[in-house]
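> Handing you this structure, nothing more for now.
The values are calculated or read from the model by the stated rules, or taken from the named source; none is laboratory data. This one's a predicted model, so the numbers in the text were calculated from it and none came from an experiment. Neighbour counts run over all protein chains shown; Cβ positions are idealised from the backbone, glycine included. Side chains are part of the model used for accessible areas, which takes the heavy atoms of the whole protein and leaves out ligands, DNA and RNA. Shrake-Rupley method; radii C 1.70, N 1.55, O 1.52, S 1.80 Å.
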Amino acid sequence: MSHFVFLAVALGVPLLSAMGRRPTAAPPPPNVVIIYADDLGYGDLGCYGSPTIRTPALDRMAAEGMRFTDFYSAGEVCTPSRAALLTGRYPVRSGMAGGRRVLFPESAGGLPPEEVTFAEALRERGYVTAHIGKWHLGVHAGSRPNDQGFELSVGLPYSNDMDARPGLPRGAAASPTPAPDGWNVPLLRNGVVEEQPVDQTTLTDRYTREALRVIDGAAGRPFLIYLAHTFPHVPLFASTSFRGRSRAGIYGDTVEELDDSVGRILRHLREKGLAENTLVIFSSDNGPWLTQGAQGGSAGPLRDGKGSTWEGGMRVPAIAWWPGRVPPTVCSAVASTLDVFPTLLAIARVPVPGGLELDGRDASPLLFQTGTRSDTPFLFFRGQELMAVRLNEFKLHFQTQAGYGGSPRERHDPPLLFHLGQDPGERRNVAAEHPERVQELRARAARMQAEVVAVPSRLR
Ligand code: MG
């Protein structure tokens with residue numbers, strides 16, 4: 001014991017204050033709730049201009065937090081989109097793109113175990129980690145939620161229209177009155193079947209109750225909840241209290257029930273005094289499935305929908321909410337689901353795991369309005385193919401194709417150029433007026449594509 005310490009102890013002076021640098025305890029890392037809708041379009045929420053679907057909870061969340069106008073999912077369909085969100089990497093890097101576009105119940109592939117998810121990173125930091133809802137990143141060992149960082153997993157292993165009953169007519173998923181026993185989709189709890197076929201009318205409420213239970217059970221530990229809703233993906237089922245309520249039909253019913261779920265979760269966080277230490281992010285995995293007719297959503301003013309690299313396929317609603325930290329405002333900077341992983345690392349004060357190549361960037365300067373970010377191109381992949389690139393207001397399409405419906409792929413040389421500020425609907429090709437932009441975007445895309453190393457597709 002040094003003389004100094006001996007003296008301090010002998011005089012009864014608390015040691016740290018005697019040394020003049022009492023460390024203020026680091027604030028606990030914030031809780032994180034990510035709510036991910038399935039096939040919800042850019043135009044399907046009140047706060048994004050839906051004239052018919054009522055979403056008071058999400059509208060309030062947007063009014064209290066940050067609503068993004070130019071936020072992208074980094075995948076045009078379910079599986080790639082989820083891989084990008086969870087890893088912060090373009091899905092071509094993990095093999096979660098290409099092939100059959102998404103995983104099917106009989107697929108051999110899945111998210112490789114060596115991929116690092118945000119759940120793995122935050123769990124190391126002491127977070128309670130929970131996956132609730134749809135997974136769709138693989139059903140085999142190594143790829144399952146419990147193998148990818150989630151200590152709790154409750155939900156469906158894939159889409160709710162998969163595992164259809166034999167003999168179910170093709171297109172039955174898009175019926176406004178789908179057969180309740182038409183699909184044999186299981187609800188799993190930590191890999192064990194809890195109900196099969198699951199009663200799909202109960203899913204949104206069950207997921208919500210699971211989320212509230214995780215919040216209550218965390219008991220002071222920080223928590224990460226990844227709540228990936230089953231709806232509004234077809235077949236559409238709403239509970240009896242929501243069924244038949246919306247002007248927009250059954251599609252609107254499921255979105256309004258989902259909105260109610262968001263409201264219950266935010267209310268619970270407020271009541272528990274956790275709102276000021278919880279970041280909630282709401283978004284969607286891809287655009288609306290337009291070929292489902294009235295059972296598909298709306299991309300609002302944007303072109304095309306799910307499956308396409310036109311704006312309607314990948315630009316999605318996104319709202320960030322953290323009372324006292326994220327100011328109530330609208331953010332028009334370009335951001336994407338790739339940014340979620342690095343942003344969570346930043347706010348939880350976790351260093352980027354060594355050797356990990358992330359494509360996303362920390363969005364906390366945008367969220368907390370402490371600065372801007374440098375301009376980086378965003379790449380639009382359809383499967384493994386680079387289709388388009390966006391930099392600031394300009395988007396350059398090398399190839400275009402409707403999301404679904406069998407239309408042929410068109411290759412464009414020279415590429416098509418759109419000014420998304422003046423023409424968010426991508427109607428007026430301005431390539432001839434801006435040859436220097438075409439050249440710049442083409443060069444930046446080529447440089448980036450060389451860095452994003454694709455591996456063979458595992459979506460077989
Ligand atoms: Mg989807």
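> Count, please, the residues in region 283-305 that happen to be away from the ligand (no atom under 15 Å from the Cβ), out of contact with any Pro (no Cβ under 7 Å at 6 or more places or on another chain) and closer than 23 Å to R67 by Cβ.
Adding up the residues that qualify gives 2.
> Next up: Scan region 410-433 residue by residue and report those that are in a loop (DSSP other than H, G, I, E, B) and open to solvent by 80 Å² or more (accessible area, probe 1.4 Å). Outline the logic, then answer.
Applying the first criterion (in a loop (DSSP other than H, G, I, E, B)) to region 410-433 yields 420-430.
Hits for region 410-433 are Q422, R427, R428.
> Quick one: which of V326, V334 is open to solvent by 10 Å² or more (accessible area, probe 1.4 Å), over 14 Å from the mean Cα position of the chain (by Cα) and closer than 27 Å to A121 by Cβ? Outline the logic, then answer.
Details: V326 fails: open to solvent by 10 Å² or more (accessible area, probe 1.4 Å).
Only one candidate passes the filter, namely V334.
> Restricting the search to region 187-223, which residues are more than 30 Å from A299 (Cβ to Cβ) and in contact with a helix residue (DSSP H, G or I) (Cβ under 7 Å, 6 or more places away or on another chain)?
Those that are more than 30 Å from A299 (Cβ to Cβ) and in contact with a helix residue (DSSP H, G or I) (Cβ under 7 Å, 6 or more places away or on another chain): N190, G191, L212, I215, F223.
> Then there's this: Of the numbered conditions (1) in contact with a strand residue (DSSP E or B) (Cβ under 6 Å, 6 or more places away or on another chain); (2) of a type outside the set (V, I, T); (3) in contact (Cβ under 8 Å) with a residue 12 or more places away in the chain, R409 fails exactly one; give the number of that condition.
With (1) in contact with a strand residue (DSSP E or B) (Cβ under 6 Å, 6 or more places away or on another chain); (2) of a type outside the set (V, I, T); (3) in contact (Cβ under 8 Å) with a residue 12 or more places away in the chain applied to R409, the lone miss is (3).
> Still on this structure, I have one more. For region 377-408, name all the residues that are assigned to a loop (DSSP other than H, G, I, E, B), at pLDDT 95 or above and either over 22 Å from S457 (Cβ atoms) or open to solvent by less than 10 Å² (accessible area, probe 1.4 Å) (or both).
Once the filter is applied, which keeps residues that are assigned to a loop (DSSP other than H, G, I, E, B), at pLDDT 95 or above and either over 22 Å from S457 (Cβ atoms) or open to solvent by less than 10 Å² (accessible area, probe 1.4 Å) (or both), region 377-408 yields P377, N392, E393, G403.
> Can you list residue pairs whose Cβ atoms sit under 6 Å apart, with the first residue in region 60-86 being open to solvent by less than 10 Å² (accessible area, probe 1.4 Å) and part of a loop (DSSP other than H, G, I, E, B) and the second being within 13 Å of the ligand (Cβ to nearest atom) and small (G, A, S)? Count only pairs 6 or more apart in sequence or on different chains.
Cβ pairs passing all conditions: S73/S81; A74/A84; G75/S81; G75/A84; E76/G307; E76/G313; V77/G307.
> Right, something else. Just to be sure before I move on: is T372 over 20 Å from the mean Cα position of the chain (by Cα) and either in contact (Cβ under 8 Å) with a residue 24 or more places away in the chain or surrounded by 13 or more Cβ atoms within 10 Å (Cβ to Cβ) (or both) in the structure I sent? Before the answer, list the steps.
Details: over 20 Å from the mean Cα position of the chain (by Cα): yes; either in contact (Cβ under 8 Å) with a residue 24 or more places away in the chain or surrounded by 13 or more Cβ atoms within 10 Å (Cβ to Cβ) (or both): yes.
Criteria met by T372.
> Looking at (1) in the same structural domain as D44 (by TED's automatic domain parsing); (2) assigned to a loop (DSSP other than H, G, I, E, B); (3) away from the ligand (no atom under 16 Å from the Cβ), can you tell me which one P169 breaks?
(1)
> Restricting attention to region 240-255, report how many residues are closer than 15 Å to R206 by Cα and in a helix (DSSP H, G or I). Don't jump to the end; show me each part of the working.
Keep residues of region 240-255 that are closer than 15 Å to R206 by Cα, which gives 240-242, 254.
Filter again for in a helix (DSSP H, G or I), leaving 254.
Adding up the residues that qualify gives 1.
> Next up: Can you tell me which of A174, A164, A219 is within 16 Å of the ligand (Cβ to nearest atom) and modelled with pLDDT under 95? Steps first, please.
Values: A164 fails: within 16 Å of the ligand (Cβ to nearest atom); A219 fails: within 16 Å of the ligand (Cβ to nearest atom).
Exactly one residue qualifies, and that residue is A174.
> Could you tell me which of the residues V234, V198, V214, V280 is among the aliphatic types (A, V, I, L, M) and in contact with an Asp or Glu (Cβ under 6 Å, 6 or more places away or on another chain)?
Values: V198 fails: in contact with an Asp or Glu (Cβ under 6 Å, 6 or more places away or on another chain); V214 fails: in contact with an Asp or Glu (Cβ under 6 Å, 6 or more places away or on another chain); V280 fails: in contact with an Asp or Glu (Cβ under 6 Å, 6 or more places away or on another chain).
Checking each option against the conditions leaves just V234.
> Any idea which of A299, A294 is touching a Lys or Arg at 6+ places or on another chain (Cβ under 9 Å) and closer than 21 Å to H233 by Cα?
A299
> Continuing with the same structure: Do we find a residue being closer than 30 Å to T329 by Cα and in contact with an Asp or Glu (Cβ under 9 Å, 6 or more places away or on another chain) anywhere in region 428-445?
No - not one qualifying residue is present in region 428-445.
> Within the set of pairs 6+ apart or on separate chains, which have a first residue in region 271-300 that is charged (D, E, K, R), a second that is open to solvent by 50 Å² or more (accessible area, probe 1.4 Å) and within 15 Å of the ligand (Cβ to nearest atom), and C-beta atoms under 8 Å apart?
none
> Moving on. Look through region 47-59, keep the residues that are among the hydroxyl-bearing types (S, T, Y) and closer than 16 Å to P301 by Cα, and return whichever of them is surrounded by the fewest Cβ atoms within 10 Å (Cβ to Cβ). Talk me through it step by step, then tell me what you get.
Pass one, region 47-59, residues among the hydroxyl-bearing types (S, T, Y): 48, 50, 52, 55.
Those left that are additionally closer than 16 Å to P301 by Cα: 48, 50, 52.
Working: Y48: 25, S50: 23, T52: 14.
Checked region 47-59; the qualifying residue surrounded by the fewest Cβ atoms within 10 Å (Cβ to Cβ) is T52.
> Looking only at region 257-269, filter to residues that are touching a residue at least 12 places away in the same chain (Cβ under 8 Å) and charged (D, E, K, R); which one of those is farthest from the ligand (Cβ to nearest atom)? Give the derivation first.
Going residue by residue through region 257-269, those that are touching a residue at least 12 places away in the same chain (Cβ under 8 Å) are 257-266, 268-269.
Now drop any that are not charged (D, E, K, R), which leaves 257, 259-260, 264.
Values: E257: 17, D259: 18, D260: 21, R264: 23 Å.
Checking each candidate, the answer is R264.
> While we're looking at this one, here's another question. Which one of the conditions (1) within 16 Å of the ligand (Cβ to nearest atom); (2) touching a residue at least 60 places away in the same chain (Cβ under 8 Å) does T254 fail to meet, given that it meets all the rest?
Exception for T254: condition (2).
> May I ask you to verify whether A219 is of a type outside the set (S, T, N, Q) and over 22 Å from L85 (Cβ atoms)?
On the way: of a type outside the set (S, T, N, Q): yes; over 22 Å from L85 (Cβ atoms): yes.
Taking the combined requirement at face value, the residue satisfies it.
> Of everything in region 238-267, what is hydroxyl-bearing (S, T, Y) and either open to solvent by 60 Å² or more (accessible area, probe 1.4 Å) or touching an Asp or Glu at 6+ places or on another chain (Cβ under 9 Å) (or both)? Give them in sequence order.
S239, T240, S241, S246, Y251, S261, listed by residue number.
Residues checked against (1) polar (S, T, N, Q); (2) within 19 Å of the chain's Cα centre (by Cα); (3) assigned by TED's automatic domain parsing to the domain that holds V334:
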| residue | (1), (2), (3) |
| --- | --- |
| G49 | no, no, yes |
| M66 | no, yes, yes |
| S81 | yes, yes, yes |
| M96 | no, yes, yes |
| R101 | no, yes, yes |
| V139 | no, no, yes |
| L156 | no, yes, yes |
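> Within region 110-125, is even one residue in a loop (DSSP other than H, G, I, E, B), among the β-branched types (V, I, T) and open to solvent by less than 10 Å² (accessible area, probe 1.4 Å)? Spell out the reasoning first.
Going through region 110-125, the residues in a loop (DSSP other than H, G, I, E, B) turn out to be 110-117, 125.
Still in the list and also among the β-branched types (V, I, T): 116-117.
Applying the additional criterion that residues be open to solvent by less than 10 Å² (accessible area, probe 1.4 Å) yields 117.
Yes: region 110-125 contains one or more residues that are in a loop (DSSP other than H, G, I, E, B), among the β-branched types (V, I, T) and open to solvent by less than 10 Å² (accessible area, probe 1.4 Å).
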